[in-house]
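As structure tokens, the structure follows; a few thoughts come after it.
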Amino acid sequence: KKLSLATMVLRGLAFRDTAVYQTGARVSIRHTWAVTRRNLGPLLIVTGLLWGLQTLFDLTVSLVSLPLFVLTLPFAALPNLIITILVIFLAMLVLFLQAILHTFTAVTWTMAYLSVIRNP
């Protein structure tokens, strides 16, 4: 699991490197690896913070969803259309919040990488 997180982070940074320098995949992977080795501390801090934020979000969604699910059990006798609309609404709400978190994470990684390559 740790290796998959590391390769996921390195891959994301390589994509950003490709976009910034307009280079090919091999060149950007080599450059990203060199930048990552030079700035391992700050990149580990960003990785830990963003991983913690995602974990906190997932935990919050779980802690809020379970009581909501238990509270909606008495309404199971309602027509299927109402329950379907309620489930779709709640799913859309969670997906919307997840999209906001994903956008924040992507922007944070881009800003962190730009900061690292511009301030060696």
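Of the residues I82, S28, L93, the one whose Cα sits farthest toward the positive end of the charge dipole of the chain, with +1 on the Cβ of Lys and Arg and -1 on the Cβ of Asp and Glu, is S28. Along each principal axis, taking the top coordinate minus the bottom one, the Cα set of the chain gives 61, 26, 24 Å in descending order. Taking every protein chain into account, the accessible area of region 11-105 amounts to 76 square angstrom per residue (probe 1.4 Å).
Once C-alpha pairs closer than 8 Å and six or more residues apart are averaged by separation and normalised to the residue number of the chain, the relative contact order reads 33 percent.
Compute the acute angle (0 to 90°) between the alpha-carbon long axis of helix 40-72 and the principal axis of greatest extent of the alpha-carbon atoms of the chain; round to the nearest 10°. Computed tilt is about 10 degrees.
Here the simple spin-label model places points 7 Å from the Cα toward Cβ, and for M92 and A6 these points are separated by 4.3 nm. Each part reduced to its alpha carbon centroid, region 58-115 and region 1-49 end up 30 Å apart. Taking a ≥ b ≥ c as the square roots of the eigenvalues of the Cα gyration tensor, region 52-92 is classed as oblate, since a/c reaches at least 1.5 and a/b does not exceed b/c.
The values are calculated or read from the model by the stated rules, or taken from the named source; none is laboratory data. In this text the structure is predicted, and so the values were computed from the model without any measurement. Using ideal geometry, Cβ is built from the backbone for each residue, glycine included, and neighbour counts are taken over all protein chains shown. In case anyone asks, the SASA skips ligands and DNA or RNA and just uses the protein heavy atoms, side chains included. Shrake-Rupley method; radii C 1.70, N 1.55, O 1.52, S 1.80 Å.
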